[in-house]
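Visitor: Have a look at the structure that comes next, please.
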Amino acid sequence: MQQFFNTALTGLTLGMVYAAFALALVLIWRSTRVVNFAQAPMAMVTTFIALVIIDAGYSYWLGFVAALLAGLALGAVLERLIIRPVEGKSEINAVILTLGLFIVLHALAAVFFGNRYRSFPAPFGLKGIEVGGTTIALNGFGIFTIVSVLVVMGLLVALFRFTDIGLKMRAAAFNQEVARLLGVRVGHMLTLGWALAALVGSLAGILIAGGSLVHPSYMDSVVVFGFVAAVLGGLDSPLGAVLGGLILGVSLSFVSGYVGSQLVPLAALVILMLVLTLRPGGLFAQAPERRV
């Protein structure tokens with residue numbers, strides 16, 4: 001029973017890590033209608049920026065804030081310089097550019113930060129919490145991860161449902177010509193969408209790195225599971241991204257704990273295939289309105 005409980009708790013924390021990255025994918029999709037495959041290396045770069053600051057002797061929280069601000073700036077700059085020239089054209093152009101950015105950012109990170117593994121600190125303890133003399137598989141940093149993801153989810157839901165900016169971002173993403181006729185500054189909204197998505201991605205990068213080793217490719221496996229979580233929950237739903245991450249994290253944790261860790265990638269593929277076959281829009285996607 002204790003093994004079952006600890007496996008579920010491990011899956012909960014792991015699922016929140018996937019959910020953090022899935023939220024970044026959902027944000028960029030809802031605000032620009034682009035799937036950004038460069039989200040992982042963008043988060044990796046900002047995580048290394050935080051690590052440089054921490055290694056220089058400054059506090060973890062200064063590096064944390066610097067990484068988020070760097071993500072905000074990086075997303076805006078990449079949208080302006082790289083993505084903007086192909087906006088309004090075929091959507092595949094932007095996707096191909098993000099794949100190119102994936103490669104370029106990896107190469108630049110290796111040049112500036114090196115290829116060796118480096119330890120990234122955690123602001124809270126990594127030892128499991130003791131309850132009644134029993135250690136459970138949940139630590140201080142895990143609780144911080146869970147709370148952070150839930151806060152970000154709440155903020156994104158509020159942004160898109162209750163603010164004018166969120167409405168303008170969605171209008172710019174769905175139909176740029178109509179949005180311009182309604183007075184929406186489409187270019188500004190697309191830049192804002194990329195910037196905010198990069199900020200959320202930076203948070204995901206730091207949460208994934210906390211208490212472990214980082215290198216230029218440390219986010220590569222997470223982008224796969226994060227994408228599966230986003231598709232599982234629905235690319236239009238921040239709540240779905242979190243629930244999808246939790247379902248995926250707990251499922252893969254049980255596969256790893258009871259079947260074998262070598263089958264985790266296969267299990268993720270099976271889950272993705274089932275969702276795409278049975279409910280392509282995601283388990284928690286809203287049904288589209290029909291006009292008669």
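Visitor: Can you pull out the trypsin sites (Lys or Arg not before Pro) in region 41-121 that DSSP calls coil and that have at most 12 other Cβ atoms within 10 Å? Spell out each step's value before the answer.
Guide: Working: sites: 80, 89, 116, 118; in loops: 89, 116.
Sites meeting the loop and neighbour criteria: 89, 116.
Visitor: If each DSSP helix of 4+ residues adds -39,500 (n - 2.57) and the sum is divided by the residues in the chain, what number results at 222 nm, nearest 500 deg cm²/dmol? Provide the component values of the computation, followed by the final result.
Guide: Working: 11 runs with 204 residues, N = 292.
Here the helix-only value at 222 nm equals -24000 deg cm²/dmol.
Visitor: Based on Cβ point charges of +1 for Lys and Arg and -1 for Asp and Glu, what charge dipole magnitude is obtained for region 1-218 about its Cα centre, in debye rounded to the nearest 20?
Guide: 360 debye
Visitor: Under 10 Å, Cα contacts only: if you run a Gaussian network model on the chain, which one of 181, 276, 246 comes out with the highest mean-square fluctuation?
Guide: 181
Visitor: Considering the dipole of the chain built from charges on the beta carbon (Lys and Arg +1, Asp and Glu -1) around the Cα centre, which of 125, 142, 42 is farthest to its positive end?
Guide: Positive-most Cα among the choices belongs to 42.
Visitor: Related question: Using per-residue counts of other Cβ atoms within 10 Å, averaged over each peptide, order 190-199, 96-105 from highest down. Show your work: numbers first, answer last.
Guide: Numbers: 190-199: 24.7, 96-105: 15.9.
Taking the mean over residues of other Cβ atoms within 10 Å, the ranking is 190-199, 96-105.
Visitor: For the pair residue 92 and residue 157, how long in nm is the line joining their label points, each one 7 Å along Cα→Cβ?
Guide: 3.8 nm
Visitor: Okay, next question. Percent of accessible area on region 1-218 owned by carbon and sulfur, 1.4 Å probe?
Guide: 69 percent
Visitor: Which value in nm describes the separation of the simple spin-label points at residue 108 and residue 221, placed 7 Å from the Cα toward the beta carbon?
Guide: 2.7 nm
Visitor: Determine, from the Cβ-Cβ distance of residue 130 and residue 259 and an R0 of 25 Å, the FRET efficiency 1/(1 + (r/R0)^6), rounded to the nearest 0.05.
Guide: That gives a FRET efficiency of 0.30.
Visitor: Follow-up. Compute the orientation-averaged projected area for the chain from the convex hull of its Cα atoms and round it to one decimal in nm².
Guide: Convex hull of Cα atoms, orientation-averaged projection: 17.4 nm².
Visitor: If eta is 1.002 mPa s and T is 20 °C, what Stokes-Einstein diffusion coefficient results for region 6-138, Kirkwood Rh from Cα pairs, in µm²/s?
Guide: 125 µm²/s
Visitor: Hey, if we sort 87, 177, 79 by accessible area with the 1.4 Å probe, largest down, what's the order?
Guide: Of 87, 177, 79, the descending order of accessible area is 177, 87, 79.
Visitor: Hey, another quick one. Springs between alpha-carbon pairs under 10 angstrom, Gaussian network model over the chain: which of 162, 227, 254 fluctuates most?
Guide: 162
Visitor: Roughly how many nanometres apart are two label points built 7 Å out from the Cα toward the Cβ at residue 62 and residue 182?
Guide: 4.5 nm
Visitor: Using a 1.4 angstrom probe, figure out how much accessible area region 1-218 has per residue, in square angstrom, rounded to the nearest whole.
Guide: 46 Å²
The values are calculated or read from the model by the stated rules, or taken from the named source; none is laboratory data. Just so you know, these numbers come straight off a predicted model, no measurement behind them. Heads up, the Cβs are rebuilt from the backbone with ideal geometry, glycines too, and the neighbour counts pull from every protein chain shown. Just so you know, the surface numbers come from the protein's heavy atoms only, side chains and all, with ligands and any DNA or RNA stripped out. Shrake-Rupley method; radii C 1.70, N 1.55, O 1.52, S 1.80 Å.
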